[in-house]
Structures are given as structure tokens and as C-alpha cells.
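Notes to accompany the following structure.
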Amino acid sequence: MHTMTDPEDNWLWIIGPGAIGRLLAASLMEARQRELCEHETSALPRVLLLGRQAMAGQAVVLDITTPESLTISVKINYSTTDTLQDSPPGKPFAIWLTTKAHGVPAVWQQLAPHITPETPVTCWQNGLSAQPWLTKRHANLLCASTTEGAWLPPETGANATPGADSTADEFQHLGVQHAGRGHTWLGAWQSDGDGDPDSQSHQAALVQCDWLKAAGFACEQTPDIQTRLWHKLAINAAINPLVARYRIRNGQLRDRPFAPMVRQAVEEISTVLDSEGIPAPREGWQALVEQVIRATANNRASMLQDVLAGRPTEVEAILGPLRLAAVRHGLALPLLDDLYCQLSTPQR
Ligand code: KPL
């Protein structure tokens, strides 16, 4: 395992208690507790989860339901991002940003006074808007791209005590369903492609990969995270706007009238990516997108869930970078532009 200094003093702040934030926080803390129990020592960091919403007390219990339908409950330190202003909870060793892309600028404003230029900050956002924005403000930037499937169950609002040893304290329970295991890639945002093994971001990516592996995730460090992020963006751009616009499950994209729309979307996306010099996947874009649709046929995709819940969508983070690149190369995106306009106006 790659070394880090005294883990007792090393806090990982996970900012954004959505599905991925909860999954990561619970899995890391569970692994840390197990290591402490078995070996009385752990190289894993302590986790502080930060969110906008105030909770009763300074901790929450994360109830994580595994893909095998087991429920594991883990107590996690919790603060609101507002408390950063008044009573900052110490200095973080590393930051993981797991908010939606459009939440990053506001969080950054609150966070920036508490970190040094050396603090590794890892972006877990979909799309490609938060990462270029942050790299102008912070040098030690890492990015993660994951195919772990996680979603939030409807909150019950129930407060309960987490275990026999906690008598008077009441903790708010936050659930997360780990729907399917996937793969995570982590890498330095600024990389010359050969991984620049001496850079602090590369070293941080190796350490954080070890954390994720210890927490049970399949993870690898990559010297080219930007290509990974473009590939994920391409898949998201081919599926999410269409299913959100027509309010259908992913599998319905195989039927008429949607199948030709998917083909057109993929055509538009791949033309932009070719012009940007992003290598195509081995099987080709059409085959890759069809494969993902098949594998996620029963899903209500994330953008559809946002539309149905009346939340802001990630349309800007996903389609915005493609539209900008299309302008740079003088390319037309008739279908994607139309979907962008429709999804950018408030949905009813
Ligand atoms: O990642 C996804 C999402 O829902 O955002 C896809 C690949 C579209 C699967 O649902």
C-alpha cells in the first residue's frame, strides 16, 4: 500500500451526501473500522461527510444496502457546509467533491479558505464542466470516473439510535442502495499522458486508489482520466437527454421512434469527439451505447430522475462541453441542440 502520514490526523472530507457520496463514505468507514478491529491500525482516513442540510447532531448513520441485499449501518461524522464559515472542523488531508457539477462553484467558495494548494481535491462529477472550472482555481486536482450504480431510496425521515452502545444520542439515518458493482478510474487532471509519476496529484491518485480498493471497490489509477471522462460523457449524452425528454426507461430507447434518435445522437457525439482527437472505444460508439442501453434497460437514468423530482439536471455539464467543442470545429448538432434547449427550460 502507498504510504501516507499519521492516519489518526488525516481526515477525508466528502462533500455532497448524494448516492455516490454516501456509498463512498459508508464503504470507507466500514473498511476502516474493520481494519482497526482486526489490526488495531488502519491506513484509511477518517471520513467527514459535509452537506447543505442540517442534521440532528454531529453524526449520521448511513444505511447502505448492498447489491446482495444486505444492509450495513455505519456512523459517520457529519457537518453542514455552512459550519465551515464559523467553526471549521480542522484541516482536511484530502477532499472528495461528490456534489452535482452545478453545485461545485458554491461549494468551492466555502471550501477554498480551508485547504492549501497541496490538498488533493478529487472531482467525482459527471460531465466535463466542473473539472475545467476547478483546474483554474486549484493545482492538485484529481478526477474520478465510476460505473458504480447507486441511488437514494425515498427518505423515511425516521431518526433512530444506531446501536446498543449509543443510548441517549439520536442520529439521522440516510439510506443508499448500492445497486450494482462497477469500476472506478482515478487520475490527475493535468497529466501529460504518461502519468508524470512524480507529480503530487499522481501520488495522491495512487494513495486514493488504495483507499478505494480497501473499501471493496474495483479501482485503477489512470494516466489519462480526461479520455475516460469524455467516454462517460459520450454515453451519458447519448442516453440521458433522450430518456429525460421523453420520460422513458433506458430500454425503451431500443424501440421506435427512439432507436433512430439514439443513432443520430451517437453520430453527432462521435463526430465532435473525433474532431477533438478523443479515441473511439474499440467496439465503436454505436455498439458501446447499445451495450450500455441493454445493460441498464430497466434503469430510470439519473437525468430522468432529476426531471421527475423537479431538480436541476446535469444537461449543462453533459451537453455543454459537446456544444462548445462543436462550435470550435464548426459542426452542427441539430438533435443535441434541440434536446439541450428543451431540457434547459423548466420541466413540468
Ligand atoms: O449513467 C447513467 C445515468 O443514469 O446517468 C446511464 C449510463 C445513462 C445509465 O442509466
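For the range 1-120, the pair-distance distribution built from all alpha carbon pairs, in bins 10 Å wide starting at 0, is 12, 44, 34, 9, 0 percent. Look at the dipole of the chain built from charges on Cβ: of THR345, THR222, GLN125, the Cα furthest out on the positive end belongs to THR345. In this rough spin-label picture, where each label sits 7 Å from Cα along the Cβ direction, the ALA287-GLN53 distance is 4.4 nm.
Using θ = phi - 60° in the Karplus curve 6.51 cos²θ - 1.76 cosθ + 1.60, the 3J(HN,Hα) couplings for the range 291-304 round to 4, 5, 4, 4, 5, 10, 3, 8, 5, 8, 4, 4, 5, 5 Hz; x is entered for Gly and Pro. Using R0 = 35 Å, the C-beta based FRET efficiency linking GLU267 and LEU152 works out to 0.55.
For the range 228-344, what is the relative contact order in percent, using Cα pairs closer than 8 Å and at least 6 residues apart in sequence?
Once divided by the residue count of the range 228-344, the mean separation gives 38 percent.
When both bridge partners sit in the chain, DSSP labels roughly 40% of those beta bridges antiparallel. Net charge dipole, the range 228-344: roughly 400 debye, given to the nearest 20, about the Cα centre with Cβ charges of +1 for Lys and Arg and -1 for Asp and Glu.
Based on the reciprocal of the average 1/r between different C-alpha atoms, the Kirkwood radius for the chain equals 21.1 Å.
Only the Cβ atoms of Lys and Arg (+1) and of Asp and Glu (-1) were treated as charged; on that basis the dipole of the range 7-223 about its Cα centre amounts to roughly 580 debye.
For LYS232, the lysines whose Cα falls under 18 Å of its own Cα, not counting residues fewer than eight places away in the same chain, are LYS100. For the chain, the longest principal axis of the Cα atoms and the long axis of helix 258-276 meet at an angle of about 80 degrees.
Report, in deg cm²/dmol and to the nearest 500, the calculated mean residue ellipticity at 222 nm for the chain, where each DSSP H run with n ≥ 4 adds -39500 (n - 2.57) and the sum is divided by the residue count.
Taken over the chain, the calculation gives -12500 deg cm²/dmol.
Taking amide H atoms as placed 1.01 Å from N in the peptide plane, the amide H of TRP189 lies under 5 Å from those of LEU141, LEU142, CYS143, each 5 or more residues away in sequence or on another chain. Magnitude of the charge dipole for the range 281-328, about its Cα centre and with charges confined to Cβ atoms of Lys, Arg (+1) and Asp, Glu (-1), is about 60 debye. Think of the chain as having a plus end and a minus end, set by charges on the Cβ of Lys, Arg, Asp and Glu; of TRP11, TRP189, TRP285, TRP285 sits farthest toward the positive end of this dipole. For the range 228-344, the residue among ALA238, ILE269, LEU336 whose Cα projects farthest onto the positive side of the dipole built from Cβ charges is ALA238. For ALA301, which sequence-distant residues (separation of 5 or more, or a different chain) have an amide H within less than 5 Å of its own amide H, given hydrogens modelled in the peptide plane? For ALA301, whose amide H was placed from the backbone, the distant partners under 5 Å are ASN250. Phi-derived couplings, Karplus 6.51 cos²θ - 1.76 cosθ + 1.60 at θ = phi - 60°, listed residue by residue for the range 60-77: 10, 10, 8, 9, 9, 9, 7, x, 8, 6, 8, 10, 10, 10, 10, 7, 10, 5 Hz, with x used for Gly and Pro. Entry comment: accessible area of the chain is 47 Å² per residue, from protein heavy atoms only and a probe of 1.4 Å.
Over the range 297-340, the alpha carbon radius of gyration divided by the compact-protein estimate 2.2 N^0.38 Å works out to 1.37. At R0 = 45 Å, how high is the FRET efficiency between THR66 and SER344 if r is their beta carbon distance? Nearest 0.05 is fine. My answer for the efficiency is 0.75.
Once both labels are positioned 7 Å from their Cα atoms along Cα-to-Cβ, the gap between THR41 and GLN85 label points is 4.3 nm. Taking amide H atoms as placed 1.01 Å from N in the peptide plane, the amide H of ARG46 lies under 5 Å from those of ASN10, LEU12, each 5 or more residues away in sequence or on another chain.
Which FRET efficiency value, to the nearest 0.05, is calculated for ASP274 and LEU308 with the Förster distance at 30 angstrom and r the Cβ-Cβ distance?
Taking R0 as 30 Å, the efficiency between ASP274 and LEU308 is 0.30.
The values are calculated or read from the model by the stated rules, or taken from the named source; none is laboratory data. Owing to the predicted nature of the structure, the values given are computational and were not obtained by experimental measurement. Ideal geometry is used to build each Cβ from the backbone, glycine not excepted, and the neighbour counts take in all protein chains shown. We work out accessible area using only protein heavy atoms, side chains counted, and drop any ligands, DNA or RNA first. Shrake-Rupley method; radii C 1.70, N 1.55, O 1.52, S 1.80 Å.
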